[in-house]
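*Asks:* Quick one: this structure, given as structure tokens, is what I'll be asking you about.
The values are calculated or read from the model by the stated rules, or taken from the named source; none is laboratory data. Every value quoted in this text rests on a predicted model; they were computed, and no experiment measured them. Using ideal geometry, Cβ is built from the backbone for each residue, glycine included, and neighbour counts are taken over all protein chains shown. Accessible surface is based on the protein model in full, side chains and every heavy atom, while ligands, DNA and RNA are left aside. Shrake-Rupley method; radii C 1.70, N 1.55, O 1.52, S 1.80 Å.
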Amino acid sequence: LIAMAINGVLLAVLLPTVGVIGAVCAFVVSKFAEGFYLGTRLAKAYEVSFRQIAAWGELGKVLIAAAIAALVLYTDFWTDHLGFFGIFAGGLVFLLAFALMLMLFGIPEMLKLLRQVRSFLPIPVGKG
């Protein structure tokens, strides 16, 4: 409920002035508020500190990776030049940029996923 209220207020303020980017920002901020609220409730329920419920350093790296990758979506390039197909093309470029950032930041889950993908390839690809 809190996240919905925050999202609603931010949408009312940001959507008319910033457009779709404002809607995305409103959604992300409301999800962070929801995550913070649920995290504090979880910490209280398990009688642990907020710091103990997650690997915050790694989550911070994922957030930075997503923000950097999102730069490819900032302009209207994708839909202006590719029309409706541009939505999918932009999404694919974002996915690739995000994956690259996760690899560069050394996120353990991404590195494990890469090892799994490499194990399915018929030819050996590098060592890692």
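*Asks:* Using only the alpha carbons of the chain, what is the convex hull's orientation-averaged projected area in square nanometres?
*Replies:* Computing the convex hull of the Cα atoms and averaging its projections yields 11.2 nm².
*Asks:* Output the Cα-based Rg and Dmax of the range 75-123 in Å, rounding Rg to one decimal and Dmax to a whole number.
*Replies:* Values for the range 75-123 (Cα only, Rg and Dmax): 14.6, 40 Å.
*Asks:* Which of the peptides 92-99, 105-112 is most tightly packed, and how do the rest follow, judged by the mean count of other Cβ atoms within 10 Å per residue?
*Replies:* Going by the mean number of other Cβ atoms within 10 Å, highest first, we get 92-99, 105-112.
*Asks:* Just name one of Gly83, Ser30, Gly19: the one whose Cα is farthest towards the positive end of the charge dipole of the chain (beta-carbon charges, Lys/Arg +1, Asp/Glu -1).
*Replies:* Selected residue: Ser30.
*Asks:* How many Å² of accessible area per residue for the chain, probe 1.4 Å?
*Replies:* Per residue, the chain has 75 Å² of solvent-accessible surface.
*Asks:* Put a dot 7 Å past each Cα toward the Cβ at Ala66 and Val13; how far apart are the dots in nm?
*Replies:* It works out to 2.0 nm between the two label points.
*Asks:* Hey, another quick one. Given the convex hull of the Cα atoms of the range 37-103, what is a quarter of its surface area in nm²?
*Replies:* Projected area, direction-averaged: 5.8 nm².
*Asks:* Can you show me the helix-derived [θ] at 222 nm for the chain, built from DSSP H runs with n ≥ 4 at -39,500 (n - 2.57) apiece and divided by the number of residues, rounded to the nearest 500.
*Replies:* Taking each H run of at least 4 residues, the total per residue is -25500 deg cm²/dmol.
*Asks:* How big is the Kirkwood radius of the range 1-59, worked out from every pair of different alpha carbons and given in Å to one decimal? Kindly include the intermediate steps, with their values, before the conclusion.
*Replies:* Details: mean 1/r = 0.0795 Å⁻¹.
Its Kirkwood hydrodynamic radius stands at 12.6 Å.
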